[in-house]
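Some notes on the structure that comes next.
The values are calculated or read from the model by the stated rules, or taken from the named source; none is laboratory data. None of the values given here were measured: they were computed from a predicted structure. Here the Cβ is made from the backbone with ideal geometry for all residues, glycine too, and neighbour counts use every protein chain on show. Note: areas computed on protein heavy atoms with side chains; ligands, DNA, RNA excluded. Shrake-Rupley method; radii C 1.70, N 1.55, O 1.52, S 1.80 Å.
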Amino acid sequence: MRESDRNLRELSDLITPMSIRVAVTLRIPQKISGGGLTAEALAAETNTDPGVLERILLHLVSAGVLTRDDGGLFGLTRVGDQMLVENDGSVNPDFLDLGTVSGRAELSFFRLPEVARNGDIVAYSAQYGTSFWDDLGKEPSSAVHFDQVMAAGMKKRVQEIAESYDWGALGSVVDVGGGNGTLLVGLLQAHAGLRGTVVDRDAGPAVRAFRDAGLSGRAGAFSGSFLEPLPPGAGGYVVSRIQSDWNDADVRTILGHCADAAGAQGRVIVVDEFAAEEGVRTDSETDLRMLMYYGGKERTMEQVRELAADVGLSVRSLRRAADWTIMELSSNAGAVRGGSSVEEALY
Ligand SMILES: C[S@@+](CC[C@H](N)C(=O)[O-])C[C@H]1O[C@@H](n2cnc3c(N)ncnc32)[C@H](O)[C@@H]1O
């Protein structure tokens, strides 16, 4: 375990995180990026109390996020600049904006004590009376943004995913929870004979992506839920970055629906960045987000293999694609390494 360089006061501070969130939500960074403004001018532009806003901004000066010159004009430091743009490896400003679903989801961390006592509580749903996904569906701009964030991660790997597995041999695939179709577009572009369908809560973004890519003849999408039975008969059912959003029972339901639809001949293909071995949380922040937003968790390959085994699926092959893994599953009858631990399976 690494000891933190920061002291406990810095680690436990809620004042700075909330002040940053207020600044981002009010679009203060955008307003001062081209030249400083006074607290009074910013309050007038943001319809806030000038005295209170100034106190928040002064705290952000103390925290090294903003600057204030002798004329009382506030500007951005290098750290503050990150509130403007998404910096890889830093912070996605969308998480800080309390006007977005992601920003609100972060606030559900105030429910952590309750969740610690009762692990069945989904903090987001308890806080807002609706699930993260239902809320996202009500906010088109947040839904588009969410899809874009997902697609950005996918675009970096889609070529390797397309090349690392013989997708063409499947004939047709259903991308279960396939979002705006980024993965399916990549797979169809790389495998000329392949056909595909996205099933997601809202099919619209994927339909548009297929049209824009000139793939409408081979790709379609429909709005539906993977918590309900899936259309049978495709050669493969892809489950990309879905499992960590759900609790164990729901993952069994989703994989079970894939297994039923795939039948004896079809494949279920989990594409994901799995957690490192159990007990070592390489991305503990994401793990806790999954807990609070959805009641989900980051899972190791072995944990996913066990859930798949519960619904009669066994690992046939494992392949690496960039830093993600493609786990090919099939019903037990056809599996090559039925019952073996994934550590033994070969890439
Ligand atoms: C983390 S994203 C992954 C998107 C995509 N598979 C990828 O890897 O980029 C989870 C996806 O699950 C979808 N989703 C959530 N609940 C769903 C449900 N009940 N039925 C179908 N899709 C759902 C979301 O809309 C979203 O597109």
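Some observations on this one:
- Among (1) more than 19 Å from ASN180 (Cα to Cα); (2) within 14 Å of the ligand (Cβ to nearest atom), the one test that LEU230 misses: (1)
- Residues that are among the basic types (Lys, Arg) and in a helix (DSSP H, G or I) within the stretch 1-47 comprise ARG9, ARG21, LYS31, listed in sequence order.
- Every residue from the stretch 48-71 that is in a loop (DSSP other than H, G, I, E, B) and more than 15 Å from LYS31 (Cα to Cα): ASP49, ALA63, GLY64, ASP69, ASP70, GLY71
- Qualifying residue in the stretch 36-55 (condition: surrounded by 14 or more Cβ atoms within 10 Å (Cβ to Cβ) and modelled with pLDDT under 95): yes
- SER223 within 8 Å of the ligand (Cβ to nearest atom) and within 15 Å of ASP175 (Cα to Cα): no
- Looking across the stretch 4-43, the residues that are of a type in the set (Lys, Arg) and in contact (Cβ under 8 Å) with a residue 12 or more places away in the chain come down to ARG21, ARG27, LYS31.
- Which numbered condition ASN247 fails, given (1) open to solvent by 40 Å² or more (accessible area, probe 1.4 Å); (2) over 17 Å from the mean Cα position of the chain (by Cα): (2)
- Cβ separations smaller than 6 Å between residues 6+ apart or across chains give the following pairs from the stretch 241-261 residues that are outside any helix (DSSP H, G or I) to residues that are within 14 Å of the ligand (Cβ to nearest atom) and modelled with pLDDT of 95 or more: ARG241/ASP272; ILE242/GLY177; TRP246/GLY296; ASN247/GLY295.
- Scanning the stretch 146-173 for residues that are of a type in the set (A, V, I, L, M, F, W, C), over 16 Å from VAL271 (Cα atoms) and under 18 Å from the mean Cα position of the chain (by Cα) yields PHE146, VAL149.
- Among residues of the stretch 250-260, those that are within 13 Å of the ligand (Cβ to nearest atom) and open to solvent by 10 Å² or more (accessible area, probe 1.4 Å), counted: 3
- The stretch 126-139, subset open to solvent by less than 40 Å² (accessible area, probe 1.4 Å) and in a helix (DSSP H, G or I), residue nearest to the ligand (Cβ to nearest atom): LEU136
- Contacts under 6 angstrom Cβ, first residue in the stretch 315-331 being closer than 10 Å to ILE269 by Cβ and at pLDDT 95 or above, partner buried (at least 23 other Cβ atoms within 10 Å of the Cβ) and of a type in the set (Ser, Thr, Tyr), 6 or more apart: ARG316/SER330
- Residues in the stretch 159-204 that are near the ligand (Cβ under 9 Å from one of its atoms) and at negative phi: ASP175, VAL176, GLY178, ASN180, THR182, LEU183, VAL198, VAL199, ASP200, ARG201, ASP202.
- Qualifying residue in the stretch 171-188 (condition: out of contact with any helix residue (DSSP H, G or I) (no Cβ under 9 Å at 6 or more places or on another chain) and modelled with pLDDT of 95 or more): yes
- Taken together, LEU188, LEU227, LEU194, LEU184 contain a single residue that is touching an Asp or Glu at 6+ places or on another chain (Cβ under 8 Å), open to solvent by less than 10 Å² (accessible area, probe 1.4 Å) and not aromatic (Phe, Trp, Tyr), which is LEU184.
- Filtering ASP70, ASP13 for residues that are on the phi < 0 side of the Ramachandran plot and open to solvent by 90 Å² or more (accessible area, probe 1.4 Å) leaves a single hit, ASP70.
- Among residues of the stretch 71-85 that are without any contact (Cβ under 8 Å) to a residue 12 or more places away in the chain, those with a beta-carbon under 8 Å from a residue that is not hydrophobic (A, V, I, L, M, F, W, C) at least six positions away or on a different chain give the pairs GLN82/SER90; GLN82/PRO93; VAL85/PRO93.
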